[in-house]
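Step one of this worksheet: look at the structure below.
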Amino acid sequence: MTTDGAPPSNGQPALSDAHFAQFDRDGYVIIEPFLADDHRLRLISEVDAWAAGGIEDAYAPRDDRRSAHERVQLALHEHGLLVSHPPLMAIVETLLGRGFAYHHLHTTRFDAGSNGVQWHHDYMQFPQSNRSHGMVHCFFYLSGLNGTIGDLLLRPGSHRLVVDSAAIGSFGTEDLPGSIAIDRLAPGSLVVVHSALWHARRKKPGGEGRPRYFVDASYCQAGIRWPSDYGDWRSKLRVAQDRGLDRDGRFSHLFDEAHFFDVAEARQRLARENVGSWLERVAPPPVGPV
Ligand SMILES: [Fe+2]
């Protein structure tokens, strides 16, 4: 696969019927491999350059440095192009339909000894109340998985459960009933998960001198307004547009601000007003005789 809109490197259609059925049932699908060697190696060299800039974990507590770093990720040549990579767009459109939004892109290099991440999901909704519209996270394992550094844990089917992500963090990285651990993936593999799917990264020994290269890109179904990315999300969308990542307008829907409302401002309002039952607010009982 190339970054100039050429057909998928593996020569396969965007998603088979079996893939689609698995995503619907289990909340994830694995495409192994997805990125051609030359493509993944170019991305890896960008991750190395980015990691050398000082920040090692995109999931570290947010501060000004991280915010600036996120903009840099999108501005990286190959990372930016990955956001609207045509074969990826074909897969996401199969899952979310036309007109979907780009939410964010994170890139990380996990060196030997990196900590795991507890069970969580990444479905952007406050408070968690339904799964009416789809959101996906596309996990790119540029150097694959080989049983060292960290395994990917998934709980198939959990994307259908409406639960606050923080509620499952107390499970740490333990096995859950029905959960699976993925510890082998070919370099360049893609795992697309419904963002509400419970997942975790379990720390594993080994991997010295063989870092784990990881990129995730996230997209939201059109039709509702979504909580924006954190930080200066408007400027990140502008960076994407200025860089021409919409590929001459073919994917202009990705970077339309109209998909979003400001998450930080809205969450502050929610924190002030989140008392009692929301049911009564959205469906108040009739007043007086009926
Ligand atoms: Fe996650």
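Just so it is clear, none of the values below were taken in a lab; they were calculated from the coordinates. No experiment lies behind these values; they were computed from the predicted model shown. Backbone-built Cβ (ideal geometry, glycine too); neighbour counts: all protein chains shown.
Per-residue 3J(HN,Hα) values for the stretch 206-218, derived from phi via the Karplus relation 6.51 cos²θ - 1.76 cosθ + 1.60 with θ = phi - 60°, read x, x, 4, x, 10, x, 9, 9, 9, 10, 10, 10, 10 Hz in sequence order (x marks Gly and Pro). Taking the square roots of 5 times each eigenvalue of the Cα gyration tensor of the stretch 82-136, largest first, gives ellipsoid semi-axes of 25, 20, 9 Å.
Nearest 10 degrees is fine. How inclined is helix 37-51 to the longest principal axis of the chain, computing both from alpha carbons? Relative to the chain, helix 37-51 is tipped by roughly 70 degrees. DSSP finds beta bridges in the chain, and of those with both partners inside it, around 95 percent are antiparallel.
Once you compute Rg and the Kirkwood Rh from C-alpha atoms, what is the Rg to Rh ratio for the stretch 226-290? Don't jump to the answer; show the numbers that get you there.
Values: Rg = 18.7 Å, Rh = 14.9 Å.
Ratio value, two decimals: 1.26.
Between the amide H of L145 and those of L185, A186, distances stay under 5 Å, these residues lying 5 or more places away or on another chain, with hydrogens modeled in the peptide plane. Could you work out the local net charge near A101, counting Lys and Arg as +1, Asp and Glu as -1, over the other residues with Cβ closer than 11 Å to its Cβ? Here the charged neighbours net out to -2. Taking only the Cα atoms of the stretch 150-210, the radius of gyration and Dmax are 12.8, 40 Å. Using 0.36 nm per residue and subtracting the Cα-Cα separation, the extra length available between R267 and N115 on full extension is 51.9 nm. How would the stretch 165-290 be classified by its alpha-carbon gyration tensor: rounded, prolate or oblate, with rounded meaning a/c under 1.5 and the a/b versus b/c comparison settling the rest? In terms of gyration-tensor shape, oblate. Working from label points 7 Å from Cα in the Cα-to-Cβ sense, the R131 to E174 distance is 2.4 nm. Phi angles of the stretch 96-101 translate, via the Karplus equation with coefficients 6.51, -1.76, 1.60 and θ = phi - 60°, into HN-Hα couplings of 10, x, 6, x, 5, 9 Hz per residue; Gly and Pro are given as x.
Angle of helix 233-242 to the longest C-alpha principal axis of the chain, folded into 0 to 90 degrees and rounded to 10: 50°. Taking the inverse of the mean reciprocal distance over all distinct Cα pairs, the Kirkwood hydrodynamic radius of the stretch 17-282 comes to 19.1 Å.
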